[in-house]
Amino acid sequence: MTANEIALTAVKALDSKKGQDIKCLETGHLTTLADYFVIATGNSNTQINALCGAVEKAMKEQAGEDPLRREGYRDGTWVLLDYG
């Protein structure tokens with residue numbers, strides 16, 4: 001899968017769990033850090049964890065990818081998934 005297809009997989013997973021304010025930012029032309037940043041908002045810790053789970057499941061099933069790093073999951077107020 002291309003980087004664009006991977007980002008869109010994450011967007012679709014977030015939308016399926018009613019993520020709000022979903023943004024897919026193309027950053028490859030600005031930095032070597034990432035080609036895309038996908039950002040979404042959840043209404044509660046439970047929803048944030050559900051959003052995270054949906055992205056991880058979709059990425060594993062459709063792209064065969066596991067996150068390289070996962071930060072903030074325990075707190076449940078924010079989560080960062082790094083897919084390299």
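Brief remarks on what is shown
- For the chain, averaging the sequence separation of C-alpha pairs within contact (under 8 Å, six or more residues apart) and dividing by the residue count gives a relative contact order of 26 percent.
- Around LEU80: net Lys/Arg minus Asp/Glu count, Cβ-Cβ under 10 Å: 0
- Computed per residue of the chain from DSSP H runs no shorter than four, each worth -39500 (n - 2.57), the mean residue ellipticity at 222 nm is -10500 deg cm²/dmol.
Taken together, the values in this text are just the output of simple stated rules run on the coordinates, not laboratory data. Values in this document were obtained by computation on a predicted structure and should not be read as measured data. When we count neighbours, we look across all protein chains shown, and the Cβ atoms used for this are built from the backbone with ideal geometry, even at glycine.
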